[in-house]
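For reference, the structure discussed in these notes is given below.
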Amino acid sequence: MNCVKCKKDIPDGSIWCCWCGKKQTVEKAKRAKRANGTGSVYKRGPTWSCAVTVGKDPAGNPVRRTKAGFPTRKAAVEYLEQLRFRPSEVRTVSALYEAIQPHLDKLSRDKQTHYRTAWARLAPIHAVSAADLSITDLQNVMDAAVSTYYPAKDIRDLLSLIFERGIAEEVLTVNKARYLVLPDLAEKNTEPFTAAEVSALWADYQNGQRWTGYCLLMIYTGMMPGELRRLTVRQVDLDRRRITGVGLKTEKRKETPIVLPEIIVPVLEDLIADLDPEDRVYRQDESAFYSAFAEMKKRTGCRPIKELRPYSCRHTLATTLADENVSAAIIKEIMRHAKITTTQRYVHPDQDLYADRLNAALSGRPGK
């Protein structure tokens, strides 16, 4: 090669001229460019992305299809052809719901019921393309269908599963359900059964109303309604007076056995008579459970207030134990609570009883 200044012959690849000292101009190899319409690649953060233009929208703006997350530029380039020729599939909300159905079938019966109800409430958008729905559209549908926290949460959770499926199929890019705003969670005020009401339940059961036995079982064990509905005969150990493996929600409830007081053992024996070990002790769904509970309240003359609900059974046990001077630490274990503060919310003091005890404790004490 010749020096760019003095034109004398210098070794190939020299950066400096050995005769005049002039720095040589070295042309950099140019990266081959792809033809128009074949796409582009670019680096975003630590990973590479690729993009192709597949057409124009009604307003004349380019419609781009993108794919991110490639570890190298080469991997992004190799994906361009697949991205370019992948058909743009329109997936309705209903089609994505059908795609997640095998997953839903593996959930608990209660959860399946909640999601079926949520799906029915989403009827206005069943046939709509999921990609065409905005966050505002989803919020309006949810707000029009429900006004309370838990039903709204069921809708949001189901939509989230649907959108995640769309993302996995590469027909959606974001889970818009995550941005839905739920109604405020109203604190429920639950009342325990009174002693007179519990007596009425016993009389109802002894008069042949077998369903009331399930309510008594919850009252004397502190079992949750959901635990009753999943309880099997095999989980009942009458010899040890224990129920194991039925706990829900928290690790404490899952690990701690339910204690069977002697008074409730004959009732439980009646409820599981003629059942096989794998049979469920209670075999109706959630809707039938709440209907039967309401009928029992009316039949036995219990207070018609909405605060007297199935969860009142757990509140009744905690309150009764507290009234009998059982220590809070023991009540906490019987209720299978992880924190004593949770137990305290289940105890409803009898003001007259506590006033009598206060007066008895302070009687004879000299005044100041």
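What to note about this one:
Quick grid of which residues meet (1) buried (at least 21 other Cβ atoms within 10 Å of the Cβ); (2) in a helix (DSSP H, G or I); (3) among the aliphatic types (A, V, I, L, M):
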position: ILE167; (1), (2), (3): no, yes, yes
position: GLU170; (1), (2), (3): no, no, no
position: LEU182; (1), (2), (3): no, no, yes
position: GLU197; (1), (2), (3): no, yes, no
position: TRP202; (1), (2), (3): no, yes, no
position: ARG210; (1), (2), (3): no, no, no
position: TYR220; (1), (2), (3): yes, yes, no
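- Hits in the stretch 281-326 - residues which are of a type in the set (Lys, Arg), surrounded by 15 or more Cβ atoms within 10 Å (Cβ to Cβ) and part of a helix (DSSP H, G or I): LYS297, ARG299, ARG314
- The one condition from (1) of a type in the set (A, V, I, L, M, F, W, C); (2) surrounded by fewer than 14 Cβ atoms within 10 Å (Cβ to Cβ); (3) touching a Lys or Arg at 6+ places or on another chain (Cβ under 9 Å) that VAL146 does not meet is (2).
- Filter result for HIS103 (assigned to a helix (DSSP H, G or I) and either crowded, with 16+ Cβ neighbours inside 10 Å or assigned by TED's automatic domain parsing to the domain that holds SER287 (or both)): no
- Counting only residues that are buried (at least 19 other Cβ atoms within 10 Å of the Cβ) and closer than 15 Å to ILE334 by Cβ, the stretch 225-245 holds 2 of them.
- Any chance THR136 is surrounded by fewer than 21 Cβ atoms within 10 Å (Cβ to Cβ), within 30 Å of GLN101 (Cβ to Cβ) and without any contact (Cβ under 8 Å) to a residue 12 or more places away in the chain: yes
- Residue match in the stretch 359-368 (condition: in a loop (DSSP other than H, G, I, E, B), modelled with pLDDT of 90 or more and of a type outside the set (S, T, N, Q)): no
The values are calculated or read from the model by the stated rules, or taken from the named source; none is laboratory data. Keep in mind that this is a model prediction, so the values were computed, not measured. Cβ coordinates were reconstructed from backbone atoms using ideal geometry, including for glycine residues, and neighbour counts include every protein chain displayed.
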